[in-house]
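Everything below concerns the one structure shown next.
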Amino acid sequence: MIAHLRGRLLSKHPNQAIVEAGGVGYDVTISVPTFSDLPVTGAEVALHIHTHVREDAIALFGFLRPEEKQLFERLIQVSGIGPKLAITILSGMPAAEMISTIRGGNVARLIRIPGIGKKTAERMVLELRDKLTDFGAEPAVPSASPIEEDVLSALMNLGYQRPAVEKALATAAKASGGESSFDALFREALNALSR
């Protein structure tokens, strides 16, 4: 089994890197965060590798950080999640956020990742919640209500930045005095952003 690969980076794409080691070019499937952190083509790179063996193929999955590899290996233990879906999941959310989301039981946040349906997200939470305690991330605080999520999305679609919208939404929630209709919360948040 190949567990670590060091060599020259021949090419890189958002889901693939080709690393030459000892005159052999290895095709390695990678996540988007790994792609973003890779050095320039031609530079030396070291990847932590998970070797996945099937009847008809041997596939290499590479990670710059060992924590990301460990999370990948935990994800593929979940029923219904194979290596390619696990890479998609890791591409859809930073590893630390993924851990806190799973430990916090935030199914709504997980189903926003392409390829993850409600049942898969629920299985991830059920099967991994207690297995991620050694990763060190704190459980996520309860997320915003569905109405607050809708207001957040609507304001971001209008071009506002997420941190500003979250701050305005917190202000609006206090100002609305518990009134939780979309319209009231949207107006209050928009007013807070306009100040």
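The values are calculated or read from the model by the stated rules, or taken from the named source; none is laboratory data. None of the values given here were measured: they were computed from a predicted structure. Cβ coordinates were reconstructed from backbone atoms using ideal geometry, including for glycine residues, and neighbour counts include every protein chain displayed. Calculation scope for accessible area: heavy atoms of the full protein, side chains included, ligands and nucleic acids excluded. Shrake-Rupley method; radii C 1.70, N 1.55, O 1.52, S 1.80 Å.
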inquiry  = Can you confirm whether THR171 is at pLDDT below 85, open to solvent by 30 Å² or more (accessible area, probe 1.4 Å) and farther than 19 Å from GLN70 by Cβ?
reply    = yes
Task: Condition check for THR51: over 14 Å from the mean Cα position of the chain (by Cα), surrounded by fewer than 18 Cβ atoms within 10 Å (Cβ to Cβ), modelled with pLDDT of 90 or more and not in a loop (DSSP other than H, G, I, E, B) - done: yes
The one condition GLU67 fails out of (1) modelled with pLDDT under 90; (2) more than 30 Å from ARG8 (Cα to Cα); (3) of a type outside the set (A, V, I, L, M, F, W, C); (4) open to solvent by 60 Å² or more (accessible area, probe 1.4 Å) is (2)
* Taking the condition in contact with a helix residue (DSSP H, G or I) (Cβ under 7 Å, 6 or more places away or on another chain) and of a type outside the set (Val, Ile, Thr), does HIS48 pass? -> yes
The residue that is nearest to the chain's Cα centre (by Cα), considering only those in segment 4-31 that are within 21 Å of PRO66 (Cβ to Cβ) and outside any strand (DSSP E or B), is SER31
Exactly one of ASP56, ASP37 is in contact (Cβ under 8 Å) with a residue 24 or more places away in the chain and of a type outside the set (A, V, I, L, M), and that residue is ASP37
Note on VAL78: of the conditions (1) surrounded by fewer than 19 Cβ atoms within 10 Å (Cβ to Cβ); (2) within 25 Å of PRO114 (Cα to Cα); (3) not acidic (Asp, Glu), unmet is (1)
Of the listed residues (ASP150, ASP134, ASP183), the one being open to solvent by 70 Å² or more (accessible area, probe 1.4 Å), of a type outside the set (S, T, N, Q) and either modelled with pLDDT under 75 or within 28 Å of VAL78 (Cβ to Cβ) (or both) is ASP134
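If you go through segment 77-112, how many residues are outside any helix (DSSP H, G or I), more than 24 Å from LYS12 (Cα to Cα) and touching a residue at least 12 places away in the same chain (Cβ under 8 Å)?
Qualifying residue count, segment 77-112: 8.
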message: Any residue that is surrounded by 13 or more Cβ atoms within 10 Å (Cβ to Cβ), within 15 Å of PRO83 (Cβ to Cβ) and aliphatic (A, V, I, L, M) - is there at least one of those in segment 2-13?
response: yes
ASN15: passes all of (1) in contact with a Ser or Thr (Cβ under 7 Å, 6 or more places away or on another chain); (2) without any contact (Cβ under 8 Å) to a residue 40 or more places away in the chain but (2)
*asked:* Going by what's in this entry, would VAL24 be described as aliphatic (A, V, I, L, M), surrounded by fewer than 17 Cβ atoms within 10 Å (Cβ to Cβ) and either in contact (Cβ under 8 Å) with a residue 12 or more places away in the chain or out of contact with any Asp or Glu (no Cβ under 7 Å at 6 or more places or on another chain) (or both)?
replied: yes
